[in-house]
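Reviewing the structure listed below.
Read-outs throughout are calculated quantities, based only on the coordinates presented, and are distinct from any laboratory measurement. Keep in mind that what you see is a predicted model, and the values were worked out from it rather than measured. Neighbour counts are summed over all protein chains in view; Cβ atoms, including those assigned to glycine, are modelled from backbone coordinates with ideal geometry.
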Amino acid sequence: MKEALDEAIKEIKRVDHLFYVSLKYTRTVDMMKHMLERLISTYSFGVHALLKQLKEEEKIDEIPNNEGLRIKLLLDTFPDEELRGYINLYLRLRKLVRASYTKREEFRRHVTMTATIDNGEVVEVNIDSLKEDYEKTKSFIHFTRHIVYGEEEL
């Protein structure tokens, strides 16, 4: 449980570097996509840590291998609205990475990745929206750490 959370914390530090260093000097959609993948990885480790915590508390019997089943089990076992919001962002990020996308204004401040997800919904990812997703992911790790360790600080 703590190993998975430690991995999530390491991933969020990598995202921090990607956002504040790499993306600053390499304003490309590929860098944005790499950052999205790291955010997804952070969420995945966090979900796994929460499930391990639930298993340790004997609230669940086993942890499924399928990520979709993990999320469903977590939401069924842990009915917290704050967690539901984090999981919705996680699922949205997973859809974004898999979606077909176009690039706009690469190598400029307003670099944008435009992806089409679900029923034709068009989503634009730019540096500002990435910052919001990054901050929400940090909040998720804070939330997870509070549950696993009972701590407040990241």
Could you please give the count of residues in region 34-67 that are assigned to a helix (DSSP H, G or I) and either under 29 Å from Leu23 (Cβ atoms) or not basic (Lys, Arg) (or both)?
22
Any idea which of Thr26, Thr42 is under 18 Å from the mean Cα position of the chain (by Cα), under 30 Å from Arg109 (Cβ atoms) and not basic (Lys, Arg)?
Thr42
Just a yes or no: is a residue in region 95-115 buried (at least 20 other Cβ atoms within 10 Å of the Cβ) and out of contact with any strand residue (DSSP E or B) (no Cβ under 8 Å at 6 or more places or on another chain)?
no
When region 45-83 is examined, which residues are found to be exposed (fewer than 13 other Cβ atoms within 10 Å of the Cβ) and within 16 Å of the chain's Cα centre (by Cα)?
Gly68, Glu82
Inside region 17-33, can you point out the residues that are touching a residue at least 60 places away in the same chain (Cβ under 8 Å) and part of a helix (DSSP H, G or I)?
Phe19, Leu23, Val29, Met32, Lys33
Every residue in region 116-135 that is buried (at least 16 other Cβ atoms within 10 Å of the Cβ) and of a type in the set (D, E, K, R), please.
Asp133
Considering only region 79-154, give the strands (runs of 3 or more DSSP E) lying wholly within it that have at least 2 residues that are hydrophobic (A, V, I, L, M, F, W, C) and touching a residue at least 24 places away in the same chain (Cβ under 8 Å).
112-117, 121-126
Looking at region 85-128, which of its residues are of a type in the set (D, E, K, R) and under 27 Å from Glu67 (Cβ atoms)?
Arg92, Arg94, Lys95, Arg98, Asp118, Glu121, Glu124
Within region 15-32, track down each residue that is buried (at least 17 other Cβ atoms within 10 Å of the Cβ) and out of contact with any strand residue (DSSP E or B) (no Cβ under 7 Å at 6 or more places or on another chain).
Val15, Leu18, Phe19, Leu23, Arg27, Met31
Does region 29-44 contain at least one residue that is among the aromatic types (Phe, Trp, Tyr) and more than 18 Å from Phe143 (Cβ to Cβ)?
no
